[in-house]
There are 2 protein chains.
Amino acid sequence: MSDTDTDSSTAFPASFPLSAWATLSQRSVLQEMLKTASRPGLISFALGLPAADLFPTKEFAASVAEVLARDPRALQYEPASRDLRAYVAALMGQRGVSCDERDVFVTTGSQQALCLLSKLLLDPGGDLILEETVYPGLRSVIEPLRPRIWTVPTSPRDGIDVDAIEALLKRGVRPSFLYLSAEAQNPMAGRIPADRRERLVRLGESHRFPVVEDDAYGFLTYEDSARPALRSFSDGWVIYVGTFSKILAPALRVGWVVAPPHVLEKLPTLKEAGDIDTVTLSQRAVCAFLASNPLETHIAVLRREYRRRRDVMMQALDAHLSSVATWSVPGAGIFVWLEFPPDFDAGRLLTLALARGVAFLPGQGFFMERERRNCLRLSFPNCSDEVIQEGVRRLALAVGDYRAHSELR
Amino acid sequence: MSDTDTDSSTAFPASFPLSAWATLSQRSVLQEMLKTASRPGLISFALGLPAADLFPTKEFAASVAEVLARDPRALQYEPASRDLRAYVAALMGQRGVSCDERDVFVTTGSQQALCLLSKLLLDPGGDLILEETVYPGLRSVIEPLRPRIWTVPTSPRDGIDVDAIEALLKRGVRPSFLYLSAEAQNPMAGRIPADRRERLVRLGESHRFPVVEDDAYGFLTYEDSARPALRSFSDGWVIYVGTFSKILAPALRVGWVVAPPHVLEKLPTLKEAGDIDTVTLSQRAVCAFLASNPLETHIAVLRREYRRRRDVMMQALDAHLSSVATWSVPGAGIFVWLEFPPDFDAGRLLTLALARGVAFLPGQGFFMERERRNCLRLSFPNCSDEVIQEGVRRLALAVGDYRAHSELR
């Protein structure tokens, strides 16, 4: 208070200030949920966790042992492994994409890819086209740049509304990029029908903006043969983001970008500023693992078992919640999107659900604007049949509690 | 060329534009060097690599096997391990810092810590105080924010000039933060004398700006007992950045921040946007490794062996380069800073040195302003005695070539 060295009329600060943006930033709904969901006995459908019981821990341990015995430089700094990039390029064939290792850039999971691409493509205050519900990890990387956001409807069945994108473009909107998932969108699990995919890509080409395609769940399809990734329709205008998190293991933090040369050229500098390089041990161990364990076989196991767990959840939802909520059967991915009557509040339901011992993510955190409070997201892969059944039963009890509370008001 | 939809007079764009900042960004000198330095037969003193032959690969492989056998969730998403944070808090005691696990935030190496802290503390165009030579990784994270930079002299013996900081503050400079290394500064290897450290911290306190202390090499001291970290003098005004990269292995990508509560509160949101979480397998394996392999013992091995390699380099420099260059014997860290006569150009020398089969980093890339071209940085830990001797011999030959070239002009 005795500080006479300043003309500020505020009280003497207790500490140094943070940047303007940091001061405004808030803890994400996912962080809050991570804390809550670790409570003992709680059944959590909240986070997008792959099935831990299906991780190939034994085979992966052998791969780590092999690379550490072979060369101590498995623990050294190292640029992205050429072997790994070549493997990823081959894997992309399964998504209908033709590329080679020079088109692939390795990142610390797909989250880092989204972080780097946002910096690379978006100027502060620039325009973006997004689906009306968006993966919160994308939101967190664009928010500091305060973009002008144009949202288009998306649906749990057919994904983004391509007509609505075209209408925006006709109005003159010119985005720095369009971000979406064509396959198993997070949170709704929508899948763009095969015959609309090329049309969507041509809109980017003809209006000269890049499409950032987040394909985190693109290998996890259950209903029919996989639909080709958007990238398969255009090398120049689609930037593909992929990850081993959902098809091998998240804890490795290995993802990738397939992009045109002028994007690839800029990524190393941005990546180096972020974390220097991607965990060498993960990169080398993934290569060693893949050399003796075909990923196709592991993905086939995941598809079969995830589809089975999905069906267990569908049966439980049918039995307990069909009178109060609607949903689409997800044809891919790890999420189910439930919609309640318009006056319903999933945030209030969550409080009651936690008391009953089950967690989910309320839908409101996913909406970019015109927030709707009557939806929620469930994830099924990381639960046994019994846990799925018991969790949905508890959820139905919580809905009963909700109705009782509402009638008492 | 037939595009009539725009009033731009430029040719029809071949592809979409990048953000203004990305367009200006250039590949870093380290990236260029990484490419060059991998040439077969080349002796490289260029990069700051720890000694690969001293990595505890066998013990670490056992730790990875243990954590994978114990729990498949070693491959799952996971918030920062409490055990690891508690270990780091205990380790900080060796740097004279008293803290507990609630004060520690785990990052993907110290590079991510610098990236997150810059976003957290610095508004676009804000003021910064830096040493005249700076770690390029810090430069790459602050450049997008276009700060106003105030540099102060630093020396290969005594580190940053505390009087010069005080003079800047007297002129009214109020930085968002001061970044420095008190111990074994990169690139010069300077160490702030023990009796000036507290005074420096008090300048931050009294002028109300945080000191970001990068202590990457703080555990690697050779001459006397370690001098206390700046953080030991102030919990509220010093943010400490540490890493396992130089005392265990870089490929794990595990670093940490020790910071005041209002900084710690904001870090999880920023971290999540960057890469969700730090490699679970690394975190768990580091904990398992440390439970059966005291880090103190490993650090003692590193100190002893690095000091020996440093002395081999000193002898070789004395024998071959004492007539043309000067240097200080580094009392800590992994670098030697050579200074040639003022008209010397280390960039030109590098070209000749590469032809002779030896690489180093020219000093110019480290200067924030008033670039000097007559210095270079050598790193010694990742080389055998013979390689150090042969490399310095080649460097001396290159200096001879340089002089012959200069005389011919």
**Message:** Cβ neighbours within 10 Å, averaged per peptide: list B:308-316, B:110-118 in order, most packed at the top.
**Reply:** B:110-118, B:308-316
**Request:** Using a/c under 1.5 as the rounded threshold, could you call segment B:175-318 rounded, prolate or oblate? The axes a ≥ b ≥ c are square roots of the C-alpha gyration tensor eigenvalues, and prolate needs a/b larger than b/c, oblate otherwise.
**Result:** oblate
**Request:** Just name one of A:Val358, A:Leu317, A:Thr278: the one whose Cα is farthest towards the positive end of the charge dipole of segment A:274-409 (beta-carbon charges, Lys/Arg +1, Asp/Glu -1).
**Result:** A:Leu317
**Asked** Where the centroid of each part is defined by its Cα atoms, how far is segment B:343-390 from segment A:342-409 in Å?
**Response** 62
**Message:** Suppose every Lys and Arg Cβ carries +1 and every Asp and Glu Cβ carries -1, with no other charges. What dipole size does segment A:188-263 come out with about its Cα centre, to the nearest 20 debye?
**Reply:** 120
**Request:** Work out the charge dipole of the protein assembly as shown with +1 on the Cβ of Lys and Arg and -1 on the Cβ of Asp and Glu about the Cα centre, then indicate which of A:Phe367, B:Ser406, B:Ser38 is farthest towards its positive end.
**Result:** B:Ser38
**Item:** Rounded, prolate or oblate (a/c below 1.5 giving rounded, otherwise prolate when a/b exceeds b/c) for segment B:41-105 by Cα gyration tensor
**Value:** oblate
**Message:** Among A:Lys246, A:Lys170, A:Lys271, which one shows the highest mean-square fluctuation when chain A is modelled as a Gaussian network with alpha-carbon springs under 10 Å?
**Reply:** A:Lys170
**Message:** Can you compute the charge dipole magnitude of chain A about its Cα centre, using +1 on each Lys and Arg Cβ and -1 on each Asp and Glu Cβ, nothing else charged? Give it in debye, rounded to the nearest 20.
**Reply:** 480
**Prompt:** Among B:Lys119/B:Lys170; A:Lys119/A:Lys271; A:Lys119/B:Lys271; A:Lys58/B:Lys271, which pairs are too far apart, with a Cα-Cα distance over 21 Å?
**Reply:** B:Lys119/B:Lys170; A:Lys58/B:Lys271
**Complete:** Averaged over the residues of B:62-75, the number of partner chain Cβ atoms within 10 Å of each residue's own Cβ comes to 5
**Asked** Rounded, prolate or oblate: which fits chain B, taking a ≥ b ≥ c as square roots of the Cα gyration tensor eigenvalues, rounded meaning a/c under 1.5, else prolate when a/b beats b/c?
**Response** rounded
**Prompt:** Between A:Arg308 and the same site in the other copies, what are the distances in nm, shortest first, taking label points 7 Å from Cα along the C-beta direction?
**Reply:** 5.7
**Fill in**
Inter-chain shielding metric for B:115-122, i.e. average beta-carbon neighbours from other chains within 10 angstrom, reads 4
**Assigned charges on the beta-carbon of Lys, Arg, Asp, Glu; the protein assembly as shown dipole about Cα centre (debye)** = 380
**Request:** Can you find, among A:Leu295, A:Trp150, A:Leu75, the residue farthest towards the positive end of the dipole of chain A? Put +1 on the C-beta of Lys and Arg, -1 on that of Asp and Glu.
**Result:** A:Leu295
**Item:** Computed E for B:Ser292/B:Arg199 - FRET, C-beta separation, R0 45 angstrom, nearest 0.05
**Value:** 0.60
**Prompt:** Quick one: Cα centre-to-centre distance for segment B:177-250 and segment B:261-311, in angstrom?
**Reply:** 17
**Prompt:** Once you average over the residues of A:245-253, how many Cβ atoms of partner chains fall within 10 Å of each Cβ?
**Reply:** 6
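Here, each number is a calculation from the coordinates, and none is a lab measurement. Bear in mind that the values here come from a model prediction, so they are computed numbers and not experimental data. With ideal geometry, Cβ positions are generated from the backbone for all residues, glycine too; neighbour counts draw on all protein chains shown.
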